[in-house]
Amino acid sequence: MILEFKNLTKKFGERTVLNSIHFSIKKSEIVFILGQSGTGKSVLLKSIVGLLKPEVGEILFKGSNIVNFNEMQMQEIRKKCGMVFQQPALFDSLTIYENIAYGLRRHFKYTEEAIQDKIQKVLSSVHLEQNILQKKPQQVSYGMQKRVSLARTLVLEPEILLFDEPTTGLDPVTTTAINRLIKEVSIQYKTTSVVVSHDMKCAMDIANRVIFLDKGSVIFAGPTDEIKLNEHPLVRGFFQEVEP
Ligand SMILES: Nc1ncnc2c1ncn2[C@@H]1O[C@H](COP(=O)(O)OP(=O)(O)OP(=O)(O)O)[C@@H](O)[C@H]1O
Ligand SMILES: [Mg+2]
């Protein structure tokens, strides 16, 4: 197990947004966290990287409970968990090369030659061409910006990739391409990938396992094949999008 959630509970004031969450993620898996809007998917993801702190329960990263880690210990966890946000959030004033190099320069002391090598490798992994490196983000399409955003995280070689709704707002063709890319890079870089999504179809295409949240509770956690047989009305509702 690379990540384990035990009895995890998160409240905002009187409101419980995560309610005794319990599940685990194996190394090299692609796990989708599905559920309606407002069920706590992003809160769960943010808890992993310490952006939010749960009141009760444990998050075990390779067996160590990280919930009470201090800021310095959390920095180490953040290096191992690459987060890819819904918005590409690239630096507009920097070239795409500098955007991808940013984290490398900040966290490591690589030579420029080593940085160039890493950028070349990651660029081909996300299927982008050389000629975009000297462009600014606003000079390339939104789909390409998403790829750059993935490249920027991937170049740091995280053990876990966390995606928050990587395909929301994309057209169907780009959605399929980005999903395929998530699967490809997960295999190539041997990462564990956790993908928060609304999209049952994408989950069926690429996930090994699915966690379904409703109002902060896990209503299904299991292999992708098994969710097809689940009778919960909400799960069935999500399926109607896939098999109307
Ligand atoms: N920082 C915060 N302070 C107070 N309440 C918050 C905070 N962050 C999230 N919430 C609340 O927690 C609940 C769960 O939010 P969360 O963002 O995890 O939902 P979600 O499942 O990611 O939804 P969506 O699919 O729309 O992104 C929501 O009701 C939200 O209003
Ligand atoms: Mg969210």
Expected single match for open to solvent by 30 Å² or more (accessible area, probe 1.4 Å) and part of a helix (DSSP H, G or I) among Lys46, Lys53, Lys27, Lys11 is Lys46
Output for Cβ contacts, cut-off 6 Å, separation at least six or different chains, first residue without any contact (Cβ under 8 Å) to a residue 60 or more places away in the chain in the stretch 139-152, second of a type in the set (Ser, Thr, Tyr), reads Gly143/Thr174
Quick check on the stretch 46-56. Is at least one of its residues over 24 Å from Glu157 (Cβ atoms), within 16 Å of ligand 2 (Cβ to nearest atom) and touching a residue at least 24 places away in the same chain (Cβ under 8 Å)? yes
Would you confirm whether any residue within the stretch 142-152 is part of a helix (DSSP H, G or I), polar (S, T, N, Q), open to solvent by less than 60 Å² (accessible area, probe 1.4 Å) and under 28 Å from Gly50 (Cα atoms)? yes
Sort out which residues of the stretch 70-100 are open to solvent by 60 Å² or more (accessible area, probe 1.4 Å), under 21 Å from the mean Cα position of the chain (by Cα), at pLDDT below 95 and hydrophobic (A, V, I, L, M, F, W, C), and write them in order of number. Phe85, Ala89
Scanning the stretch 190-200 for residues that are within 14 Å of Leu162 (Cβ to Cβ) and away from ligand 1 (no atom under 16 Å from the Cβ) gives Thr191, Thr192, Ser193
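The values are calculated or read from the model by the stated rules, or taken from the named source; none is laboratory data. Remember, predicted model here, so these are calculated numbers, not experimental data. Cβ atoms come from the backbone with ideal geometry, glycine included; neighbour counts cover every protein chain shown. Surface accessibility is based on the protein's heavy atoms, side chains included, excluding ligands, DNA and RNA. Shrake-Rupley method; radii C 1.70, N 1.55, O 1.52, S 1.80 Å.
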